[in-house]
Each structure stands twice: as structure tokens, then as C-alpha cells.
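Reading through the C-alpha cells given below for one structure.
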Amino acid sequence: MEGRLLARARAKQETLRAENRAEEDRRRREIAAKIPEIGRIDTALCANLSEMVRIAMRQSARTAQELEKESLALQEKRSALLVQNGYPKDYLDPIYSCPRCRDTGWTDGKICECVQKLYRAEQTRELAPLLKQGDETFENFRLDYYSPVAPASGVSPRAQMERVLRLCRAYAESFGAQSPNLLFTGEPGLGKTFL
């Protein structure tokens, strides 16, 4: 991957992450204003987390199982309050554009598919001025540009392009990681770039 394009893809991913965090903050403020009890529940959950750390360090009389049970009950109460007030139970959960990598950009030590997708979009954006883009779809491919009259070879240009168009459609519909390449050859202006 080209570093400059990867940096732009990562920057877009960071922007998405920042937008998600801003939306999470907005939701927390909204809920704090409308359902103050959830704020108290969140405070109790934080206290339980601190207590878990103390238990792990063996400086507390409470057991981890008691705290886990209490925390689960608080989480259920929090979800129930959200639902009772017309919100989805996961309304205050973290928001991720990519649940796979949780917006870190990495999955199993590799660049996540979400960053690869952003990278490909950056590649396309960079290459767009070099290629005519926009209306190039199979539906917009015009066969009427090709003569229906067969030359001496016996196959009309239109019939040949109908065949090529069918092959390209089938290729696109079944395209996968193991698909072979297509090679287009011919004179300028025959539709190779369009397809």
C-alpha cells in the first residue's frame, strides 16, 4: 500500500472514530438530562470497577463474584430504564463504524478491511481524473455505437460487443478473490476503458 494514500485512509478512519465519540458524548449528555438515575448507575458501575481492582490486589473483603453479580444487575437496570424511556437498550454502548476492529484499523495484527476499503476509495479518487468516471455502468453501455453489419469476418461489431458485454457482466457478478484477470485489446475508442 502506498504510504500517502494509506495515511489519507487512516485519517478518514480517525475522523469517523472522532464523529462516533462525539455522538456517544451527545447521547450521554442527553440521557443524563432525561434520565438522571442512569448517571447514578454509571457511577456505581465505575465504583464496582475500582473495587474489582482492589479485589484483584487482595485489599477488599468483597468477592469478585458479588461485584460481578451487582454490576450485571446495574447494567440490566440501566438497559431497562433506557427502554422504558423510548431508547434502544444499547443506546449508550460505544459506536463503531467497523465492529470488526472497533475503529482501531487493525484486526489480528493486520490492516482491517475497513481501512482497506477507505484506501481503495482514495485510490479511486486519485485515479478518477485519469479515467472518465460516473456513467460507466453496464446499463449505460451503448451497443448502438457498433455496426450491426458483419464485415468479411462474419461477425458484426455489435454482435461481438454484445458477447463481450455478456462476458463482462458475468465476470463482475461472480468476481471474487480467485477470479482471473481480463485483458482488453483493440483500437482506441472501442469501449475498453468503459467496460
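FYI, it's all coordinate maths here, none of it is from the lab. All values reported here derive from a predicted model rather than from experimental measurement. Glycine also receives a Cβ, built like all others from the backbone with ideal geometry; neighbour counts cover every protein chain displayed.
Below are the figures for this structure:
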quantity	calculated
Efficiency of FRET between Lys192 and Ala128 - r from beta-carbon atoms, R0 30 angstrom, step 0.05	0.95
Gained length - Ser179 relative to Ser50, 0.36 nm times residue gap less alpha-carbon distance	41.1 nm
Percent RCO, i.e. relative contact order, over the stretch 74-184, from Cα pairs under 8 Å lying at least 6 residues apart	10 percent
Within a Gaussian network of the chain (alpha carbon springs, distance under 10 Å), most fluctuating of Thr104, Thr15, Thr185	Thr185
Modelled FRET efficiency - R0 35 Å, Glu2 with Glu24, Cβ distances, 0.05 increments	0.60
Positive-end residue, the stretch 88-195 charge dipole about Cα centroid, Cβ charges, pick of Gly191, Thr107, Ile95	Gly191
Max mean-square fluctuation residue, GNM over the chain, Cα-Cα springs under 10 Å, options Ala170, Ala18, Ala128	Ala170
Candidates Asp144, Asp25, Asp90, ranked by Gaussian network fluctuation over the chain, Cα under 10 Å, top entry	Asp144
Globularity ratio of the stretch 36-84, using Cα Rg and 2.2 N^0.38 Å	1.23
5 Å binning of all Cα-Cα separations within the stretch 103-195, expressed as whole percents from 0 upward	2, 10, 15, 18, 18, 13, 9, 6, 4, 3, 2, 1, 0
